[in-house]
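Here the structure is laid out as structure tokens; the discussion comes afterwards.
The values are calculated or read from the model by the stated rules, or taken from the named source; none is laboratory data. Just so you know, these numbers come straight off a predicted model, no measurement behind them. Cβ placement follows ideal geometry from the backbone for every residue including glycine, while neighbour counts extend to all protein chains displayed. Protein only, heavy atoms only, side chains kept; ligands, DNA and RNA dropped before computing areas. Shrake-Rupley method; radii C 1.70, N 1.55, O 1.52, S 1.80 Å.
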Amino acid sequence: MKIAVCIKQVPDTAEVRINRETGTLIREGVPSIINPYDTHAIEAALSIREMLGGTVCAVTMGPPQAEASLREAISLGVDEAFLVTGREFAGADTLATACALSGVIKKIGADLIICGKQAIDGDTAQVGPEVAEFLDIPHVSYVKKIIEVNAESIKVERMMDDGSDIVEAGLPALITVVRELNTPRLPSLKGKMNAKKAEIKKMGAAELGLPPEVVGFNGSPTQVKKIFTPGPRGGRKQLEGPLEEQIDALINELLEKKCL
Amino acid sequence: MSLKIDKTKCMGCGACITVCPYDAIVIEEGVARIGEYCQLCQACLSSCPEGAIMERKEDQAAVPSEDLASWRGVWVFAEQREGRVAPVAFELLGEGRKLASARGTELSAVLFGASRNDAAELVKWGADKVYYCGDDIFRGFADEPNAELLSRLISKHKPEVVLAGATAIGRSFLPRVAARLKTGLTADCTSLDIETDTGNLIQTRPAYGGNIMASILSPRTRPQMATVRPKVMKTGRYETGRHGEIIDIDAAGIKARTRVLETIKATESGVNVNLQEADVIISGGRGLKGKEGFEMLKELARLLNGTVGASRAAVDEGWIPYCHQVGQTGKTVCPKLYIACGISGAVQHLVGMQSSDVIVAINKNPEAPIFSAATYGLVGDLNEVVPLLIKKLRERKGGQ
Ligand SMILES: Cc1cc2nc3c(=O)[nH]c(=O)nc-3n(C[C@H](O)[C@H](O)[C@H](O)COP(=O)(O)OP(=O)(O)OC[C@H]3O[C@@H](n4cnc5c(N)ncnc54)[C@H](O)[C@@H]3O)c2cc1C
Ligand SMILES: Nc1ncnc2c1ncn2[C@@H]1O[C@H](COP(=O)(O)O)[C@@H](O)[C@H]1O
């Protein structure tokens, strides 16, 4: 079984602050981490490998610094790491990202591809399904449990808004995973040693056989026109007085607003 | 596109270096230089006090405007699950009507599965046309048949805008449609607008865990596709006498490579967990101190016909399953009433619930950030407040 995991290096959004005056993100001192969902994707891949044998490759598209995330993946036990990088990939939206990632996956070949549900910087949750479409393979989103997996097929439980579905798909297939799936392991000492000396295979658009107009900014149909900070909410009311009065007041307000 | 520094304006102050997420900018000989790490995120553009950073768009081929103009009309994908059309479809028809009027075009709905009668209902909710396919393949949700049939219809009829709900279903299969048609898709929009002359859809959505909002355009491709968060748009008028056309679509040759073997409905002691559709959500956080706390919230939820949500802290503690989690890594909800009990209001939680109509915060710490998002703040111990609230609500109900 050959498994490819797509991981993205993201700023730890928990640490991102906003400069209220300029409306910009304060990135200073904000650490870069592996997208939290993707750590669950790595864990899923490693545990399948432990069951069925095979190899796990981590793939990322990003600036040269993203190499750090790939080394971290290797420290967790990933066998091989691929970094898709170069000027031509800058400014990629989900479509151009999926195009580049599917390009490298085609090259390395994989029976199962695992992505996180979404990246915490963009929160789009689109790259996984788009990669599946580029590869012309089935996909299942929001996987919260892997029930069965063998050389031919995978059976999973997928989260839906009103419950869940048990879904089966033949391989090759792509799944995107949610946090409930597993608890990611910590790196081992041996893993950390491996990570230091491991070779990270770097690829540009030319090596992937992708023309410049399908990747990066040029291959991106969506463009960010404006970024602004959400305004504060108005109409705020702190209730006061003895608790009983506060609750009466609250119920009256809610009735008035037709919330009850 | 590229970002360039106007060397005559740059003062070398380094403001851009501070905001650059990629460490791509360096100061050389007193002026900034944008290096190879630049990802074109444009964070630096507005940071420059001198306005010395410029966008250069030279390398993007212009699209002939006739090509774009041949795409007309606004489409709404009406999702159904087990034969029931999701309410977000009616909201999208309300919003779609506005966009269609602004552009002087038709509003159409697309319904795969459910019944022909449901298709007729979509007309009453505002659709001029409904593309309907009742094939059995749409019984359980599978991404590929939905993606394939919708892509076929779009290629044939060329709508300029395609909207779907930002639900589990919409967010899973629409990306396949966008990838197939090589067009732009914007996820989880909270507001939409349209430029009447160009027809460019202005799609606004939160990013970076709700820290910022971004307005996104897809100026070079059609259709412009967006998934829209349930409950943020107002439903259109329901008119029993409205007429429209239902066009039957054939699903010949459509295949699914995934099989739904079983569908599990999540209900817990009579409380539904479909947070996205709930009008009332009672959410609990670490302040609840344990599983028992949630029993109290469930009681309140039953009383208000609502459902129960949770902060990540409560989910991580194992007090309640993940499907209840609200926030950046959980669900995004927009109920009429959101009551947060013992939740501090971290930004990752706020982003999932701050568009709720009315927010009530119950927290014993008056400094908790949740109060700044709340419509009504109640400082107190939830173990006193919630039981009293339940008691008072019961009394009122009894007295009615
Ligand atoms: C990448 C990332 C994604 C995340 N995604 C999410 C997400 O999707 N959803 C989410 O919720 N969080 C998310 N978080 C976590 C988030 O940062 C907070 O840690 C979390 O929301 C805190 O939960 P809490 O408010 O329940 O707990 P705490 O922050 O511990 O707050 C508990 C509150 O309860 C109050 N309290 C205690 N006892 C009582 C009492 N008896 N009566 C009244 N009040 C009381 C306290 O004053 C306090 O304000 C994410 C974090 C990261 C890094
Ligand atoms: N640049 C990238 N490199 C590798 N994987 C990515 C990249 N962007 C997104 N992904 C994968 O796609 C998932 C969804 O990302 P997104 O659609 O950006 O929310 C992530 O959890 C990753 O698994």
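For the subset of the stretch A:158-175 comprising residues that are assigned to a strand (DSSP E or B) and free of Cβ contacts under 8 Å to residues at least 12 places away in the same chain, which member is surrounded by the most Cβ atoms within 10 Å (Cβ to Cβ)?
Taking the stretch A:158-175 first, the residues assigned to a strand (DSSP E or B) are A:158-160, A:163-170, A:173-175.
Now restrict to residues that are free of Cβ contacts under 8 Å to residues at least 12 places away in the same chain: A:163, A:165.
Working: A:Gly163: 16, A:Asp165: 22.
Going through the qualifying residues, I end up with A:Asp165.
Cβ-Cβ distances below 7 Å connect the following pairs, each with a first residue in the stretch B:17-40 that is within 12 Å of B:Lys4 (Cβ to Cβ) and open to solvent by 20 Å² or more (accessible area, probe 1.4 Å), a second residue that is part of a loop (DSSP other than H, G, I, E, B) and among the hydrophobic types (A, V, I, L, M, F, W, C), and a separation of six or more residues or different chains: B:Val31/B:Cys10; B:Ile34/B:Ala24. Scanning the stretch A:134-153 for any residue that is touching a residue at least 40 places away in the same chain (Cβ under 8 Å), at the interface with chain B (Cβ under 10 Å from one of its Cβ atoms) and more than 10 Å from ligand 2 (Cβ to nearest atom) turns up nothing.
What number of residues within the stretch B:331-345 satisfy the criterion of being open to solvent by less than 10 Å² (accessible area, probe 1.4 Å) and either aliphatic (A, V, I, L, M) or within 16 Å of ligand 2 (Cβ to nearest atom) (or both)? Count: 5. In the set (1) within 10 Å of chain B (Cβ to nearest Cβ); (2) open to solvent by less than 50 Å² (accessible area, probe 1.4 Å); (3) free of Cβ contacts under 8 Å to residues at least 40 places away in the same chain, A:Val178 fails one condition alone, (3).
Of all residue pairs spaced 6 or more apart or on separate chains, those with beta-carbon atoms under 9 Å, a first member in the stretch B:354-381 that is at the interface with another protein chain (Cβ under 7 Å from one of its Cβ atoms) and a second member that is among the acidic types (Asp, Glu) and not in a helix (DSSP H, G or I) are B:Thr375/B:Asp357.
So that you can scan it fast, the table gives a plain yes or no per residue for (1) under 22 Å from A:Asp123 (Cβ atoms); (2) away from ligand 2 (no atom under 16 Å from the Cβ); (3) at pLDDT 95 or above; (4) in the same structural domain as B:Val280 (by TED's automatic domain parsing):
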position: B:Arg302; (1), (2), (3), (4): no, yes, no, yes
position: B:Gly309; (1), (2), (3), (4): yes, yes, yes, yes
position: B:Ala313; (1), (2), (3), (4): yes, yes, yes, yes
position: B:Pro321; (1), (2), (3), (4): yes, yes, no, yes
position: B:Thr329; (1), (2), (3), (4): yes, no, no, yes
position: B:Gln348; (1), (2), (3), (4): yes, no, no, yes
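Just one of the numbered conditions (1) closer than 23 Å to A:Arg71 by Cα; (2) open to solvent by 50 Å² or more (accessible area, probe 1.4 Å) is not true of A:Ile147: (1). If the condition is being crowded, with 17+ Cβ neighbours inside 10 Å and either at pLDDT 95 or above or at the interface with chain A (Cβ under 9 Å from one of its Cβ atoms) (or both), then the stretch B:219-245 contributes B:Pro219, B:Arg220, B:Thr221, B:Arg222, B:Pro223, B:Gln224, B:Met225, B:Ala226, B:Thr227, B:Val228, B:Pro230, B:Gly244.
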